[in-house]
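Beneath this line is the structure, given in structure tokens, with notes to follow.
Please treat every number below as a calculation from the coordinates, not as lab data. What you see is a predicted model; the values in this text were computed from it and never measured. No Cβ is skipped: glycine too gets one built from the backbone with ideal geometry, and neighbour counts run over all protein chains shown.
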Amino acid sequence: MLAYVLRRLLLAIPLLIGITFVSFVVIQLAPGDPTQIPGENIETSKLAWEQLRKEYGLDQPLYVQYGKWITRLVRLDLGRSFAPHGRPVRTMIAERLPVTLLLNIVELLIIVALAVPIGVLSATRQYSTFDKATTIFVFLGFATPDFWLALLLMILFGVQLGWLPISGLRSMNWEYLSFWQQQTDFLSHLALPILVATFGGLAGLSRYMRQSMLEVVRQDYVQSARAKGLAERVVIGKHALRNAMLPIVTILGLSLPGLIGGSVIVESIFAIPGMGQLMVQAAFERDYPVLMGNLVIVAAVTLLANLAADVAYGLVDPRIRVGRRRR
Amino acid sequence: MKSFWRAFRRNRLAVVGAMISVCLATLALTAPLLAPWDPNRPDVKKILTSPSGKHLFGTDQIGRDVLSRMLHGARVSLAVGFVSVGISAFIGITLGSLAGYNGGTTDATIMRLVDLMLVFPRLFLLLAVLAFLKPSIWTIMAVIGFTSWMGTARLVRAEFLALKEREFVVSSQSIGASGFRVIWRHILPNAMAPVLVAMTLGIPAAILLESALSFLGLGVQPPHATWGNILNEGKEVIEVAWWVSVYPGLAILLTVLSYNLLGEGIRDALDPRLRQSAGRVGGRGR
């Protein structure tokens, strides 16, 4: 097990370096230049422009720039935003990362908690009404644009019914609320974004869960568990489920980037101050220190989450847990 | 091929998906003929009129006909879907074949690149690139294509690993066929089935992505109509004019749904193992 974890960790190191490289290259190689910011100083003279380039070190060769950037990155210095406030990128990200992480972790928990029973039920009752209903739900979940769903829900619950707030994380009068009111207020702000974000992911994972379960229940050891006279509940809930969960852990790890990427949409629509919203703002303002910093951090977080999924896989798979090497 | 058609036709949902996608493609191709109004001509006398006989899907905040805009938007959506999938298939097939056929360091390098690209949440990467590019339909196609080839590369590589030891490949190598010829004439044709499925399923994914980017305002720019930016403009007036936002969303949903059904149908018809269970949907326990 330890060897397995270590091997995963070692594999992650070149990926981490690769992440910094891609984040740098992607932004540097694009034809636009961050100093050509449209807006206030269109009339910037050539001299001033050169000075600006010099100031940000943009006149140096790319590998020098990369070297400088990476040495600062190691010290977690991500530079300062190009926006007028010029705040350090690290602070901006530190304010927003927890929100995005919280949203994604809650979403992930909800997706797993719902997808596993849905998948198991529709697999054990294959072709039943429940199974057909979930299949329809799955196809709708795959096909519904999340931003459109968000708009419709905002109109329904936020405007027509007026049950839920539709933007931000806190009400205007938050400071004047009692502790419990504050918590309910916070939760009610999270309800719609989480609903939207879980919808698509839930469809995907329950589909995989169903498929995995269908494959497992046809195996011989499930039959022999039945033949031993075990209750169906035990056969499915213990013998089959454990093995059906294995591929799901991997799928979960693979679907993480998609889930985190979804924060871009959800956060911009519901005006949630997270990484996704910051990324959209930075893209519009061509704020390249923020874009680069954001990209690196988000990818590194995804990498970490993938690592966690790998370790979780090692924990649930006895072939790895007891130390024998996988094929 | 015959058995493929038989299996495909038996899958009613897949046939429906195929028919809808053909209809949508026809609508998109003939949009200039079908569109009852000029999609870009504003009309101050008809601001936000609700759906009626004259304007089936109503008009938007500057009086443009939503249906006509959607028909023209369909061209953009489908074009982006097809072209970006073409780009990603080209990259994926090339890199996947190289990795699978050559093995060794080439394989390791390409596969690490795949792992690396997969770590980036797609939308974050796209936003970073689009921030510095002039947004146009071509840019969107390119960036979607360049960020979505990884799945195809993995698929093709896996097929190559399975096929390259087979007799027909070894025998063509033994008579001195070049690497390119072996890949192109002998292995690839046999590896295309799963790639075709992946491509069919890639089209709706690209359409969703384009509409999301346009919705954020970083995709195809107005006044060019796309489903995403009609929705983007529609969200400003959704409280008074639901039709500007509801119809384009439904169009995206229907398109993605039909291509997904089509793709899954093709897959089930190609895969004999799955074909069995798919056949059982009609008559259980046969």
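Observations on the structure shown:
- Of the residues A:269, A:248, the single one that is over 15 Å from the mean Cα position of the chain (by Cα) and more than 27 Å from residue A:310 (Cα to Cα) is A:269.
- Of everything in the stretch A:279-293 that is in contact (Cβ under 8 Å) with a residue 60 or more places away in the chain, at the interface with chain B (Cβ under 10 Å from one of its Cβ atoms) and more than 14 Å from residue A:84 (Cβ to Cβ), the residue that is surrounded by the fewest Cβ atoms within 10 Å (Cβ to Cβ) is A:292.
- Residues satisfying the stated conditions in the stretch B:241-253, i.e. in contact (Cβ under 8 Å) with a residue 60 or more places away in the chain, farther than 13 Å from residue B:69 by Cα and more than 8 Å from every other protein chain (Cβ to nearest Cβ): B:241
- Test result for residue B:64, basic (Lys, Arg) and touching a Leu at 6+ places or on another chain (Cβ under 8 Å): no
- Residue check for residue B:77: within 14 Å of another protein chain (Cβ to nearest Cβ), over 26 Å from residue A:10 (Cα atoms) and not hydrophobic (A, V, I, L, M, F, W, C): yes
- Residues of the stretch B:1-44 that turn out to be without any contact (Cβ under 8 Å) to a residue 24 or more places away in the chain and polar (S, T, N, Q), as a count: 3
- Among the residues of the stretch A:128-165, those identified as more than 8 Å from every other protein chain (Cβ to nearest Cβ) and part of a loop (DSSP other than H, G, I, E, B) are A:128, A:161, A:162, A:163, A:164, A:165.
- Note on the stretch B:140-155: among residues that are surrounded by fewer than 22 Cβ atoms within 10 Å (Cβ to Cβ) and more than 16 Å from the chain's Cα centre (by Cα), the one that is nearest to the other protein chains (Cβ to nearest Cβ) is B:154.
- With respect to (1) within 12 Å of another protein chain (Cβ to nearest Cβ); (2) more than 19 Å from residue A:195 (Cα to Cα); (3) surrounded by 13 or more Cβ atoms within 10 Å (Cβ to Cβ), the lone exception for residue A:122 is condition (1).
- Residue within the stretch B:156-165 that is in a loop (DSSP other than H, G, I, E, B), more than 13 Å from the chain's Cα centre (by Cα) and surrounded by fewer than 21 Cβ atoms within 10 Å (Cβ to Cβ) present: yes
- Where residue B:95 falls short, out of the listed (1) touching a helix residue (DSSP H, G or I) at 6+ places or on another chain (Cβ under 6 Å); (2) without any contact (Cβ under 8 Å) to a residue 12 or more places away in the chain: (2)
- Among (1) touching a helix residue (DSSP H, G or I) at 6+ places or on another chain (Cβ under 9 Å); (2) acidic (Asp, Glu); (3) away from chain A (no Cβ under 14 Å), the one test that residue B:115 misses: (3)
- Some residue of the stretch A:237-251 being away from chain B (no Cβ under 11 Å), part of a loop (DSSP other than H, G, I, E, B) and out of contact with any Pro (no Cβ under 6 Å at 6 or more places or on another chain): no
- In the stretch B:200-219, the residues that are more than 10 Å from chain A (Cβ to nearest Cβ) form Cβ pairs under 7 Å with partners that are surrounded by fewer than 24 Cβ atoms within 10 Å (Cβ to Cβ) and of a type in the set (Phe, Trp, Tyr), at six or more places apart or across chains, as follows: B:203/B:82.
- Considering A:90, A:75, A:80, A:125, the condition of being of a type in the set (D, E, K, R) and closer than 17 Å to residue A:275 by Cβ is satisfied by A:90 alone.
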